[in-house]
Amino acid sequence: MPIPGLPLLPTTIVGSYPQPDWLIDREGLKSRLPPRVRAQELWRIKDPKELADAQEAATLVAISDQKLAGIDIVGDGEMRRESYSNRLATALAGIETDPPGMAMDRTGAMNPVPRVAGKIRRAGPIEAQDAGFLKQRAGGPVKITIPGPFTMTQQAQNDHYPDARSLALDYADAVNAEARDLFAAGVDIVQLDEPYLQAKADEARSFAIEAINRAVRGVGGITALHICFGYAHVHQGASKPGGYAFLEELEASDVDIISIEAAQPKLDPSILRELPGKHIMYGVIDLNDPNVETPETVARRIREALPYVDAERLIIAPDCGMKYQSREVAFGKLKAMADGAAIVRRELSGQR
């Protein structure tokens, strides 16, 4: 990882952090599927200027919590979003949301989604101003997330393009333009969120790598890609697979870091052998477990991965976004994660 100042086994969040209840209706958020179109009714504050100020304040809380917990690569916690994907996905030209389209969520339920009514293009920067705010306040390496082209294709109703591949490639061009602006704003890592690579693995094999490579081509910085089995809150009680249906294919991608969840699904860490050329962002925090892990539990999970990936290629993270956790539990889990990584770091330094 060519980022100055990072220790061995650096820690980071995946994307989201709990939004305060004074900012968003958390019970309303939990009662529905993750929104694919804008859900402005969830915000407690209705005046746009006051809402922007409140989202900025919540972002400062998220940054402060991560730094206090000892996190090395800080994110903005996605405080300004109702979901990981809908803010960017609905800001693109060619999209209509009145009325929205419909598409099947990965739970099998239908969910309102952006409707593609014309050519997809990015009219201007979407997250760049927020990225600059994050970089200025974090005082160290930062990462920001944006939805990837394959997942946005799955989360849209296509009323314009002849096929999904054509749509995905134009989404990729929009993502590429956004990523360039994020790096220009000072971001160290731009992460594409692509959970639908797992949910729609067969279709992903047809064109996902082509779209992803187009999205990161020449962007000028370190890129990551997150693939998971879904939020623990949404898939609570469901049995998550013990392995990925679409993983080894990502070795052929031009992305630098692959982010996977491993704690809740009890992933066999030998699967990491499928990505010998990538850095691995490895999920060691189970977000389906309301109890805060001990640092030693985190250390054990890290040690289990080390026979299959060099420590120099390993980044430590939670399984997925922490959006649905309480702030108290989320902070405790991040602190345990940082402390657990420190345990293994000391062990490794003693062996050298």
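Considering only residues of segment 11-45 that are more than 20 Å from the chain's Cα centre (by Cα), at pLDDT 95 or above and assigned to a loop (DSSP other than H, G, I, E, B), which is farthest from LEU334 (Cα to Cα)?
The extreme case among them is ILE45.
Find the helices (runs of 4 or more DSSP H) located wholly in segment 71-185 whose residues include 2 or more that are farther than 20 Å from HIS226 by Cα, more than 18 Å from the chain's Cα centre (by Cα) and touching a residue at least 24 places away in the same chain (Cβ under 8 Å), and list them.
Where helices (runs of 4 or more DSSP H) fall fully within segment 71-185 and carry at least 2 residues being farther than 20 Å from HIS226 by Cα, more than 18 Å from the chain's Cα centre (by Cα) and touching a residue at least 24 places away in the same chain (Cβ under 8 Å), they are 128-138, 164-184.
Counting only residues that are buried (at least 21 other Cβ atoms within 10 Å of the Cβ), touching a Leu at 6+ places or on another chain (Cβ under 6 Å) and either aromatic (Phe, Trp, Tyr) or not in a loop (DSSP other than H, G, I, E, B) (or both), how many does segment 248-270 have?
Count: 1.
Does segment 187-208 include one or more residues that are under 28 Å from ALA138 (Cβ atoms), part of a loop (DSSP other than H, G, I, E, B) and either open to solvent by 20 Å² or more (accessible area, probe 1.4 Å) or among the polar types (S, T, N, Q) (or both)?
Yes: one or more hits.
Does any residue of segment 153-176 turn out to be hydrophobic (A, V, I, L, M, F, W, C) and surrounded by fewer than 21 Cβ atoms within 10 Å (Cβ to Cβ)?
Within segment 153-176, one or more residues are hydrophobic (A, V, I, L, M, F, W, C) and surrounded by fewer than 21 Cβ atoms within 10 Å (Cβ to Cβ).
Inside segment 258-280, can you point out the residues that are closer than 23 Å to ILE3 by Cα and in contact with a helix residue (DSSP H, G or I) (Cβ under 9 Å, 6 or more places away or on another chain)?
Selection gives ILE258, ILE260, LEU272, LEU275, PRO276, GLY277, LYS278, HIS279, ILE280.
What tally of residues in segment 2-60 results from selecting those that are crowded, with 17+ Cβ neighbours inside 10 Å and farther than 22 Å from SER326 by Cα?
Within segment 2-60, residues that are crowded, with 17+ Cβ neighbours inside 10 Å and farther than 22 Å from SER326 by Cα number 6.
Is it true that some residue in segment 104-118 is closer than 20 Å to GLN19 by Cα, open to solvent by 10 Å² or more (accessible area, probe 1.4 Å) and of a type in the set (Gly, Ala, Ser)?
There is no residue in segment 104-118 that is closer than 20 Å to GLN19 by Cα, open to solvent by 10 Å² or more (accessible area, probe 1.4 Å) and of a type in the set (Gly, Ala, Ser).
Could you tell me which numbered condition GLU304 fails, if it satisfies all but one of (1) open to solvent by 10 Å² or more (accessible area, probe 1.4 Å); (2) at pLDDT 95 or above; (3) in contact with a helix residue (DSSP H, G or I) (Cβ under 8 Å, 6 or more places away or on another chain); (4) part of a loop (DSSP other than H, G, I, E, B)?
That leaves (4) as the condition not met.
The values are calculated or read from the model by the stated rules, or taken from the named source; none is laboratory data. Since the model is a prediction, treat every value here as computed from it, not as a measurement. Cβ atoms come from the backbone with ideal geometry, glycine included; neighbour counts cover every protein chain shown. These area figures cover heavy atoms from the full protein model, side chains too; ligands, DNA and RNA do not enter into them. Shrake-Rupley method; radii C 1.70, N 1.55, O 1.52, S 1.80 Å.
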